[in-house]
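Please treat every number below as a calculation from the coordinates, not as lab data. Treat the numbers as computed from the prediction; the structure is a model and nothing was measured. Cβ sites come from the backbone with ideal geometry, for glycine too, and all protein chains shown count toward neighbours.
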Amino acid sequence: MTQFPHRKLLLAAVCAACFGTAFAAPDAVKASDSGYVFGPSEISKQFGPPPPGFNGIEWKPDRGTVSRSGDLGFTNGPIWRRGTSGELIPTTRRYFTIWRRQADGSWKYVVD
């Protein structure tokens with residue numbers, strides 16, 4: 001069974017800018033409030049300091065699949081906000097990420 005790096009992504013939530021550099025493919029595209037952002041460097045710039053009272057988010061796939069060829073896949077699932085006491089607070093938001101297997105066998109996202 002192919003495993004996506006979602007557990008690593010939960011850890012990357014601690015360092016949001018890491019999401020842009022560590023898990024983005026060189027040609028990655030990320031949706032933003034103002035449109036689309038292209039490439040790991042520009043994606044990382046989208047993550048500024050967290051707003052006051054922000055304690056983090058977590059997300060976990062509840063759907064996903066890999067293409068028959070084994071080189072593309074997607075994950076989709078809920079997003080939770082972390083409360084002041086560390087509790088997870090449900091939101092109505094979901095994520096959808098498309099992943100591509102890299103030449104070294106690792107998975108990096110191409111669309112998020």
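What to note about this one:
- Every pair of residues 6+ apart whose Cβ atoms lie under 8 Å, when the first sits in segment 85-99 and is touching a residue at least 40 places away in the same chain (Cβ under 8 Å) while the second is surrounded by 10 or more Cβ atoms within 10 Å (Cβ to Cβ) and of a type outside the set (A, V, I, L, M): W99/F4; W99/G73; W99/F74; W99/T75; W99/W107; W99/K108; W99/Y109
- Output for segment 48-74, where each listed residue is closer than 12 Å to D112 by Cβ and without any contact (Cβ under 8 Å) to a residue 40 or more places away in the chain: F74
- Residue in segment 29-43 that is nearest to the chain's Cα centre (by Cα), counting only those that are surrounded by 15 or more Cβ atoms within 10 Å (Cβ to Cβ) and within 23 Å of G73 (Cβ to Cβ): K30
- Taken over segment 101-112, residues that are of a type in the set (D, E, K, R) and not in a loop (DSSP other than H, G, I, E, B) amount to 2.
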